[in-house]
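Step one of this worksheet: look at the structure below.
Bear in mind that the values in this text are calculations on the coordinates, not laboratory data. Fair warning: this is a prediction, and the values are worked out from it, not measured in the lab. Here Cβ is always computed from backbone atoms with ideal geometry, including for glycine, and neighbour counts include all displayed protein chains.
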Amino acid sequence: MDKLDIKLEREKNDYFREWIIEEWKHHNTVDPIYQLRIIKPEELNFEENEEYYKIMFNDEMVGFIGIKNYEKLIYLYRFFINEKYRGQGIGTVALNKLIDMAKENNKDISLEVSDYSVAKDLYERLGFKNHWTRMVLKINDNIYEN
């Protein structure tokens, strides 16, 4: 699987605005609890510790990884593979590259994943374990607005 020619290329956060909107749209189709409020790309704000990487396959961007980089932790914040490239092992190789990056910097990796997400199996195969359970009682559509 690691024989695939996959590269992670750091890019300025603003580059990913349209991709992030696509990721949100995808979550709306797979998570029956959260129907996210899709905002316009220009309304996206980035935190200082956010970093984004293009997932490159055969010199084509096929997805991205967004992380929040903390002193002792990498929080996998966003992970998206274009639908036509899913199921080819690209996500596995890309996540293994992120794991290697974490090991080089002696950092843990944390993430949140829905029980409905197809990525949950991938995370478990790569060694991620449940640490706690987040439960939600959905009362309003503004759950992501503080």
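List, in the order given, every pair from LYS68/LYS103; LYS25/LYS84; LYS7/LYS40; LYS97/LYS129 whose Cα-Cα distance in the structure shown is over 25 Å.
LYS7/LYS40
When ILE139, ILE90 are ordered from fewest to most other Cβ atoms inside 10 Å of their Cβ, what list results?
ILE139, ILE90
Would you please calculate the Kirkwood hydrodynamic radius of the range 6-125 over all C-alpha pairs and express it in Å, rounded to one decimal?
14.9
Quick one: THR133, THR92, fewest Cβ neighbours within 10 Å first, how do they rank?
In increasing order of surrounding Cβ atoms, one gets THR133, THR92.
If you add up the charges near ASN49, with Lys and Arg at +1 and Asp and Glu at -1, over every other residue whose beta carbon is less than 10 angstrom from its beta carbon, what do you get?
That works out to -4.
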